[in-house]
Amino acid sequence: MKQPYDKADQQCAPLQSGEQSERFDKVEQISDGSRVQHGPMNDRIYLMQLAKNPGRELPRKLIRMAHEHGYSKIFAKVPRPTADGFINVGYQTEALVPGFYNNREDGFFLGYYLDEERAEESQPELYERCRKIALAKSDTVSSPLDASFELCKCGKKDIQEMAEIYREVFQTYPFPIFDPEYLEATMEGHVDYFGIRCEECGLVALAAAEAEEKSASVEMTDFATLPHWRGHGLATHLLEAMERFAKREGLKTSYTIARAAMPGINITFARKDYKWCGRLKNNTQISRGIESMNVWYKKLAPHPA
C-alpha cells in the first residue's frame, strides 16, 4: 500500500511548555493584502482570506511563492467570482460550500499541486468508507449531556489547562494550539473556545468556533477529548453550544475541515445535519502526518434559493 504523504513529518514535535512557536507555519499578509499561512510544517501555502481587491495575478503569484519555498501544495479558499482565475491556471476544486460568503456567493476550496505525489491519496477507500459510515449514522440521536459534566465558554483562566489537553490529544497540529500565548492571542481575537468540565477532573474536552466576519462564516475546529472521557458524545454537545453561540452572533454558515480517516468526528457533524461537500487531498499536518480532510457545512440562516 502506498505510504501517506509525509514530506513535512520530520520537524513536527509538539511544543512543550515554555517553548516558542517559530517551528509552526506563519500567518502573514502578502503584498496585495491577502492573508496566507505557509511553512514547511504543512508543506503548503493556505490562502485563508482574500484581499478586498485581489489582483488577477494572485493565483500565479502564489504558485511562484510555492516554488520559491519548495512547497508541494497550495490550498485556497475563494468566492465564486474569483475561482475561475484560479481554475484557469490549474487549481482544482476539492470542495464547494453553497452561499459560504454571506449567504450570497459559493465558497470554493481549491488545491494546486506542485508535486504529483502530494496529489495521490494513500487510502482513498478508507476515506470513502468513513464518509459512508458517517452518513449512515446521521439519523442516530445523541444522548443528553450527563449531569456530571458542565458545558462552559472558556476564558483566560483556562488557558494553561487547555494547552495541556491539546498537548495530550495531538502529537502535531497545523496551528500552535499547544502554546498558551497562541491560545490567548486567538481568544482575544476571532476565536471562541468552549469546554466541558468534570467537577473532579477539570476540563476534559475542548473545541473552538473561529468566526470570519467578512464572510459571516464560522469554522468549528480544534475538537479534543481526553482519552479517558471519550464515548460520552462530548464533541456533539460542544458543537451544539457553538452553533447556538454562532447564531446569536449573526453568522450564517458553519463548516468544518475534519480528518477524513477518523469516523468519530465525521459522525458528529453528520448527526447535526451537516452536509459533506468535498475532500481536501493530503492537506493538513496533524498527529505526525499529512492527512486528507473532509469538508462539511451547515446553514445557520436560510440560504436564498
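The values are calculated or read from the model by the stated rules, or taken from the named source; none is laboratory data. Here the structure is a predicted model, which is why all the values come from computation and not from measurement. Every residue, glycine as well, gets a Cβ built from its backbone with ideal geometry; the counts of neighbours run over all protein chains shown.
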Query raised in the report: What number of residues in the range 226-265 are closer than 21 Å to Lys299 by Cβ and at pLDDT below 95?
Result: 0
Query raised in the report: When Asp222 is evaluated against the numbered criteria (1) in a helix (DSSP H, G or I); (2) surrounded by 14 or more Cβ atoms within 10 Å (Cβ to Cβ); (3) not hydrophobic (A, V, I, L, M, F, W, C), which criterion, by number, is the only one it fails?
Result: (1)
Report summary line: Arg118 vs (1) part of a helix (DSSP H, G or I); (2) charged (D, E, K, R); (3) exposed (fewer than 15 other Cβ atoms within 10 Å of the Cβ): all pass except (3)
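Could you say which residue among Gly250, Gly289 is out of contact with any strand residue (DSSP E or B) (no Cβ under 8 Å at 6 or more places or on another chain) and either surrounded by fewer than 19 Cβ atoms within 10 Å (Cβ to Cβ) or of a type in the set (A, V, I, L, M) (or both)?
Gly250
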Requested in this report: Look at the range 259-278 and say how many of its residues are surrounded by 23 or more Cβ atoms within 10 Å (Cβ to Cβ) and under 24 Å from Asn42 (Cα atoms).
Outcome: 2
Query raised in the report: So how many residues does the range 80-115 have that are more than 23 Å from Ile290 (Cα to Cα), free of Cβ contacts under 8 Å to residues at least 60 places away in the same chain and assigned to a strand (DSSP E or B)?
Result: 2
**Report entry** Residues within the range 261-305 that are in a loop (DSSP other than H, G, I, E, B) and not charged (D, E, K, R), tallied
**Finding:** 12
Query - Complete set of residues in the range 223-247 that are without any contact (Cβ under 8 Å) to a residue 60 or more places away in the chain and under 11 Å from Asp192 (Cβ atoms) - result: Met242, Ala246
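Go through Glu249, Glu150 for me and flag whichever is closer than 30 Å to Val78 by Cβ, of a type in the set (Asp, Glu) and assigned by TED's automatic domain parsing to the domain that holds Met293.
Result: Glu249 is the single residue among Glu249, Glu150 that is closer than 30 Å to Val78 by Cβ, of a type in the set (Asp, Glu) and assigned by TED's automatic domain parsing to the domain that holds Met293.
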Report task. Answer yes if at least one residue in the range 142-160 is modelled with pLDDT under 95, within 29 Å of Ser292 (Cβ to Cβ) and either assigned to a loop (DSSP other than H, G, I, E, B) or of a type in the set (D, E, K, R) (or both), and no otherwise. Result -> yes
**Report entry** the range 274-288 residues that are outside the structural domain of Ile177 (by TED's automatic domain parsing), paired with ones that are surrounded by fewer than 20 Cβ atoms within 10 Å (Cβ to Cβ) and in a strand (DSSP E or B) (beta carbon under 9 Å, 6 or more apart)
**Finding:** none
Requested in this report: Could you please tell me which pairs satisfy a Cβ distance under 6 Å, a separation of 6+ or placement on different chains, a first residue in the range 54-67 that is in the same structural domain as Tyr112 (by TED's automatic domain parsing) and part of a helix (DSSP H, G or I), and a second residue that is surrounded by 15 or more Cβ atoms within 10 Å (Cβ to Cβ) and small (Gly, Ala, Ser)?
Outcome: Pro59/Gly85
**Report entry** Criterion: touching a helix residue (DSSP H, G or I) at 6+ places or on another chain (Cβ under 7 Å) and not charged (D, E, K, R) - qualifying residue of Ala119, Ala147, Ala163, Ala136
**Finding:** Ala163
Report task. Quickly run through the range 211-222 and pick out the residues that are touching a residue at least 24 places away in the same chain (Cβ under 8 Å) and at negative phi. Result -> Ala211, Glu212, Lys214, Ser215, Ser217, Val218, Glu219, Met220, Thr221
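Can you confirm whether Pro176 is surrounded by 13 or more Cβ atoms within 10 Å (Cβ to Cβ) and either outside the structural domain of Ile286 (by TED's automatic domain parsing) or part of a loop (DSSP other than H, G, I, E, B) (or both)? Steps first, answer last, please.
Working: surrounded by 13 or more Cβ atoms within 10 Å (Cβ to Cβ): yes; either outside the structural domain of Ile286 (by TED's automatic domain parsing) or part of a loop (DSSP other than H, G, I, E, B) (or both): yes.
For Pro176, the condition - surrounded by 13 or more Cβ atoms within 10 Å (Cβ to Cβ) and either outside the structural domain of Ile286 (by TED's automatic domain parsing) or part of a loop (DSSP other than H, G, I, E, B) (or both) - is met.
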Query raised in the report: How about the range 40-81: which of its residues are farther than 23 Å from Asp25 by Cα, modelled with pLDDT under 95 and surrounded by 14 or more Cβ atoms within 10 Å (Cβ to Cβ)?
Result: Gly55, Arg80
Report task. Give the range 292-305 a look and list any residue that's modelled with pLDDT of 95 or more and either surrounded by fewer than 20 Cβ atoms within 10 Å (Cβ to Cβ) or under 22 Å from His237 (Cβ atoms) (or both), or say none. Result -> Asn294, Trp296, Tyr297, Lys298, Lys299, Leu300
